[in-house]
Each structure stands twice: as structure tokens, then as C-alpha cells.
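The values are calculated or read from the model by the stated rules, or taken from the named source; none is laboratory data. None of the values given here were measured: they were computed from a predicted structure. Cβ: placed from backbone, ideal geometry, glycine included. Neighbour counts: every protein chain shown. The area values use the complete protein model at the heavy-atom level, side chains included, leaving out ligands, DNA and RNA. Shrake-Rupley method; radii C 1.70, N 1.55, O 1.52, S 1.80 Å.
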Amino acid sequence: MRHFLIWPLVLSSLAIPTPAQTASSQQSPSSPAIPTPITPAQGAVPTGSALTRRQAEALALKNNPQITIGRLRALQAGQIVREQRSALLPTAYLSLTGVDSSNNNARISAGGLSNPVIYPRAATGATVSQLITDFGRTSNLLSSSLSAAKAEEETSAATTAQIVLAADQAFYNALETRALLQVADQTVQARQLISDKIKALTNAKLKSDLDLSFANVDLARAKLLQLEARNNYAASLATLSAILGYADQQQFELAESTSAPEQPEPDVTPLIMEALRQRPEVLALQDQVTAAEKFGRAEHDLWMPTVSALGTVGLAPVRDYHISNWYGAVGVNINIPVFNGFLYNARAKTADLQTESVRQKLMDQRNNIARDVRTAWQDSQQAFERLSVTQQLREEANLGLKLAQSRYDLGLGSIVELGQAELQKTEADIADTDAQYQYRLTRLVLAYTIGAPK
């Protein structure tokens with residue numbers, strides 16, 4: 001038993017570092033530094049410049065707190081690896097002991113089986129201990145922590161992919177709402193022109209007030225569509241600003257890609273195999289299964305003996321004449337578990353059940369990913385087929401409007417026919433605009449589900 005007597009004079013004479021100094025001295029140059037959050041101003045887009053999709057992704061990765069949280073958790077897991085590895089390294093410590101006894105013949109009589117003599121003394125010494133073997137338990141714990149650290153890295157990568165997808169979706173949603181606002185503006189201008197024309201003809205007694213009333217109704221509907229489109233565009237900019245790390249809404253000048261839509265993949269099976277091979281969620285769960293298996297082996301190894309060595313040496317300048325002025329000893333200790341109330345059995349069984357639980361999670365995740373890839377592929381196929389259909393619909397609606405306008409000008413058609421043609425053109429424009437951006441979004445979602453973001 002070691003007794004420590006803290007002397008203010010001794011402690012003040014020793015150069016004992018403060019906790020802050022100790023923490024700074026223990027940080028090695030190779031240790032990864034904790035990333036400092038980047039404020040939105042550091043990654044801000046210059047005023048007047050266009051924001052591309054890649055720039056939006058970069059801003060989201062810099063400013064979104066979830067990215068920093070994932071990196072911190074990965075760094076935390078790395079330190080746990082160091083904790084487990086420390087059991088394989090020697091342990092050394094210095095001791096300062098001072099004891100004052102009022103009775104040199106006193107012995108410790110209660111609280112234990114031994115009754116050592118208490119001598120007044122002041123001594124200092126050093127002790128080194130080293131684990132020789134515990135038959136694989138510590139090694140399994142280290143392997144388990146390494147796999148857990150890899151799982152945290154994969155989880156961080158999955159979070160990064162989710163943030164990138166969210167930024168892409170918000171970016172294209174803002175582009176789509178902006179395009180729909182342009183459609184609404186053009187619709188209002190076209191119907192305003194028709195309304196003014198019919199009003200002039202009505203004033204000249206060439207058209208009836210009923211025609212003017214129908215034209216004004218169509219104009220009012222177009223204005224309502226314009227108000228809704230303007231509100232949707234503002235909401236999409238607010239969502240995009242939040243994902244990019246801005247507290248207030250930014251008026252981005254979005255740059256639209258001019259590249260032609262790519263052809264969808266003809267077969268979904270290779271995509272599913274690729275997703276199961278490289279999705280970070282699957283890789284993370286695989287590492288978690290490995291970590292659970294290693295930890296289970298370590299828990300089973302609790303029944304194995306533990307062999308360790310201990311060495312100590314020191315000097316006692318102030319001592320009783322019964323005590324030598326120095327001491328030193330080495331030894332080997334072997335601990336063999338015999339019985340502990342079935343604690344080790346319960347811990348081993350718990351670890352086995354946890355391992356099986358993680359295996360089932362991995363199986364469920366693989367099934368869900370296969371389903372997501374198949375669904376995303378089908379959505380991409382459907383969206384690609386919609387492109388040609390909506391384009392044809394738009395062309396036919398434009399032609400129908402021109403014919404209806406000509407028939408109305410010649411007096412062969414009614415205002416109801418013209419209004420119906422205008423409505424069909426507006427719906428066709430909206431459907432075609434939505435189809436173009438929805439196909440790009442389905443391509444991004446498909447790339448995310450297979451773990452290969454574009």
C-alpha cells in the first residue's frame with residue numbers, strides 16, 4: 001500500500017505542469033487537429049457572380065455543422081484507439097511518500113489481513129509495469145476500436161454525401177422554381193396582351209363584354225400563378241441558404257448547366273452491386289460488425305490468465321534505522337480468474353448478442369439500399385421518358401394556341417376556346433420545365449444511392 005503525503009513546500013519546488021500545459025504537451029505533431037468551423041463569410045460567393053452547383057456543394061461542406069460533427073466523432077474514435085493501444089505499452093510513474101508515525105511500534109491492525117509496521121520516512125522512487133500477455137484480450141480490444149474508428153470515418157463520409165445531395169436538391173429546386181416563375185411571368189404578359197386587345201375591340205363594339213370578362217378571368221388566374229411561383233422561388237432560396245450555412249436568405253444568382261441530359265443506365269443490377277460495394281453506410285456497418293466480433297472475442301478472453309511484470313526502485317533519505325536507504329524489486333504476477341458470479345459469462349453472451357444484432361442491421365441496410373437503387377433507377381427511367389413526352393406536349397400546345405388565336409381573330413372561335421388553349425399551353429410549359437429538372441434530380445439521387453455522387 002502506498003501512502004502519499006502532499007507537502008506544499010515539496011509541490012511548490014517541483015515543476016509540475018498545469019493541466020493545460022499537459023494537454024498541449026501530449027498532443028503530437030502527427031495528431032489530427034480539430035477542424036475549426038468556417039463562417040459563411042469565409043466561403044461566401046462574391047456579389048454579382050454566379051453560384052454553380054459545385055460552389056454550392058463546397059459551401060455546404062464548409063459551413064454545415066453536421067460535417068464538423070462527423071469529423072469530430074471520427075477524431076474521438078481515433079483517440080479511443082490510442083486508449084486501447086496504451087494497455088500494450090509500459091506504464092511508469094514517480095512516487096513521493098512521506099509518513100509520520102507517533103508510535104514507532106504501531107502496526108495496522110484493522111481493515112486488512114496484513115499488519116505492517118509504520119515507520120516515519122520520506123522516500124521517492126519510480127515504478128514501471130508492463131503487460132506481458134493476456135492471451136489476446138487487449139489485442140482484440142485494440143482491433144475492435146480500430147474497426148469502430150473506421151466505421152466512424154465511413155459514417156462521416158455518409159453524412160458528407162447526404163449534405164451534398166441536400167445541397168444539390170436545393171440548388172435544382174431553386175433553379176426549377178425560378179424557371180417556373182419565368183413561365184408565370186410570360187403567361188401574365190401574354191394574357192395581359194390579349195386582355196388589352198379584347199378591351200380595345202370591346203370599346204370599338206367589335207367584341208362583347210363577355211369576351212372581355214373571360215379574358216380578365218384568365219389574366220387573374222395567371223397573376224395568381226405568378227404570385228405562387230414567386231413565393232415558391234423565395235422559399236427555395238431560403239432552403240438553399242440554410243443548407244449552405246447562412247442564417248438569413250441570400251439572393252443567389254444561380255448558374256444553370258447547359259450540358260445535355262445523359263442517357264440512363266439500361267440495367268439496374270450492376271448499379272445495385274456497385275452500391276453494396278461502396279455505399280459508406282454499408283461499409284460503416286461492416287466495420288461495426290468487425291468491431292463487435294473483436295469485442296466479443298475480447299469478452300470471451302476474460303477467462304484467460306493475465307501475466308504482467310512490475311519493477312520498482314527508490315531512495316529513502318529520511319528513514320528509521322530499521323529501513324534501508326534504498327529499495328528495488330522486480331516481479332511477475334499471474335492472475336487466473338476462477339469465479340466471479342457468472343459476470344464474465346454474462347458479458348460474453350451480451351457481446352455475442354450485440355454482434356448478431358449488428359449483423360442483422362447490416363443485412364437490413366443492404367436490402368434497403370438495393371430497394372433504394374432500384375426505385376431511383378426506375379424514377380430516372382420514367383423521368384427520361386417524360387422529357388420527350390412533355391416536349392411534344394409543349395409543341396402541340398403552342399401550335400394549338402396559335403390556331404385558337406387565329407380562329408378567334410377571324411371570328412371562327414370563341415373566347416372559351418382561346419382560354420382553354422392558353423391554359424393548355426401554360427400547363428404544358430410547366431410540365432416540360434418540371435420534367436427537365438426532375439430528370440436531373442433523379443440522376444443525382446441515383447448517383448447518391450450507388451455511392452458515386454456526380
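Set the Förster distance to 25 Å, then compute FRET efficiency between residue 186 and residue 206 from the Cβ-Cβ distance, nearest 0.05.
Details: r = 27 Å, r/R0 = 1.07.
About 0.40, to the nearest 0.05.
Provide the descending list of Cα extents for the stretch 215-371 along its principal axes, expressed in whole angstroms.
Largest to smallest, the principal-axis extents are 116, 48, 35 Å.
Before rounding to the nearest 500, sum -39500 (n - 2.57) across all DSSP H runs of length at least 4 in the chain and divide by the residue total; then give [θ] at 222 nm in deg cm²/dmol.
Values: 10 runs with 281 residues, N = 454.
My calculation for the chain gives -22000 deg cm²/dmol from helical runs alone.
Using the Kirkwood formula on the Cα atoms of the stretch 48-202, what hydrodynamic radius do you get, in angstrom to one decimal? Walk me through the numbers before you get to the answer.
Values: mean 1/r = 0.0419 Å⁻¹.
Roughly 23.9 Å, rounded to one decimal.
Just how much of residue 207 is accessible, in Å², when a 1.4 Å probe is used and the result is rounded to the nearest 10?
Only protein atoms counted, so the area is about 50 Å².
Magnitude of the Cβ-charge dipole of the chain, K/R +1 and D/E -1, about the Cα centre, nearest 20 debye?
Numbers: 41 positive and 43 negative charges, 275 e Å.
It works out to roughly 1320 debye.
Can you pick out the pairs among 207/425; 62/361; 223/425 whose Cα atoms lie more than 22 Å from each other? Please report the intermediate quantities before stating the final value.
Details: 207/425 24 Å; 62/361 31 Å; 223/425 16 Å.
With Cα atoms farther than 22 Å apart: 207/425; 62/361.
So how tilted is helix 209-243 from the main axis of the chain? Cα-based, degrees 0 to 90, rounded to 10.
That works out to roughly 20 degrees.
Using alpha carbons only, how many degrees (0 to 90, rounded to 10) separate the axis of helix 269-278 from the longest principal axis of the chain?
40 degrees
Putting +1 on Lys and Arg Cβ atoms and -1 on Asp and Glu Cβ atoms, find which of 187, 233, 244 reaches farthest to the positive end of the dipole of the stretch 167-295.
After comparing all options, I get 187.
To make sure I understand the rule: partners must be aspartates and glutamates, Cα under 18 Å from the Cα of residue 349, and not fewer than 8 residues away in the same chain. Which ones qualify?
Qualifying aspartates and glutamates at Cα under 18 Å: 293, 299, 301.
Between beta-carbons, use under 14 Å as the cut-off and find the net charge around residue 73, counting Lys and Arg +1, Asp and Glu -1. Mind showing how you got there, number by number?
Details: positive: 71, 150; negative: 152, 153, 154, 287.
Charge balance in the 14 Å sphere: -2.
Search the structure for amide H atoms under 5 Å from the amide H of residue 250, placed 1.01 Å from N in the peptide plane, and list their residues when 5 or more places away or on another chain.
Correct list: 241.
In degrees between 0 and 90, to the nearest 10, how far off the longest principal axis of the chain does helix 415-449 point, with axes built from Cα atoms?
The two axes meet at around 20 degrees.
Enter the mean projected area of the convex hull around the alpha-carbon atoms of the stretch 201-265, in nm², rounded to one decimal. Don't skip to the end; give the middle numbers.
Working: hull surface 37.4 nm².
If I average the Cα hull's projected area over directions, I get 9.4 nm².
Can you find, among 414, 453, 435, the residue sitting farthest towards the positive end of the charge dipole of the stretch 412-454, where Lys and Arg contribute +1 and Asp and Glu -1 at Cβ?
Of the listed residues, the answer is 453.
Just to check, using Stokes-Einstein with a Kirkwood Rh over alpha carbon pairs, what's the diffusion coefficient of the chain at 4 °C and 1.567 mPa s in µm²/s?
On the way: Rh = 29.9 Å.
It diffuses with D of about 43 µm²/s by this estimate.
Could you tell me which of 105, 119, 132 has its Cα farthest along the dipole of the stretch 88-155 towards the positive end, charges placed at Cβ (Lys, Arg +1; Asp, Glu -1), taken about the Cα centre?
Comparing the listed Cα positions along the dipole, 105 ranks first.
Please find the FRET efficiency linking residue 248 to residue 94, where r is the Cβ-Cβ separation and R0 is fixed at 56 Å, and quote it to the nearest 0.05.
So the FRET efficiency works out to roughly 0.45.
Specify the inter-centroid distance of the stretch 368-384 and the stretch 230-300, based on alpha-carbon positions, in whole Å.
Using only Cα atoms, the two centres lie 15 Å from each other.
If every alpha-carbon in the stretch 303-343 counts as one equal scatterer, what log10 I(q)/I(0) does Debye give at q = 0.15 1/Å?
Listed by q, the Debye log ratios stand at -0.59.
Tell me, what does the Kirkwood hydrodynamic radius of the stretch 133-254 come to in angstroms if you use every pair of distinct C-alpha atoms?
Details: mean 1/r = 0.0522 Å⁻¹.
Result for the stretch 133-254, one decimal place: 19.2 Å.
On full extension of the chain, what length is gained from residue 256 through residue 216, given 0.36 nm per residue of separation minus the C-alpha to C-alpha distance?
Here the segment from residue 256 to residue 216 would lengthen by 10.9 nm.
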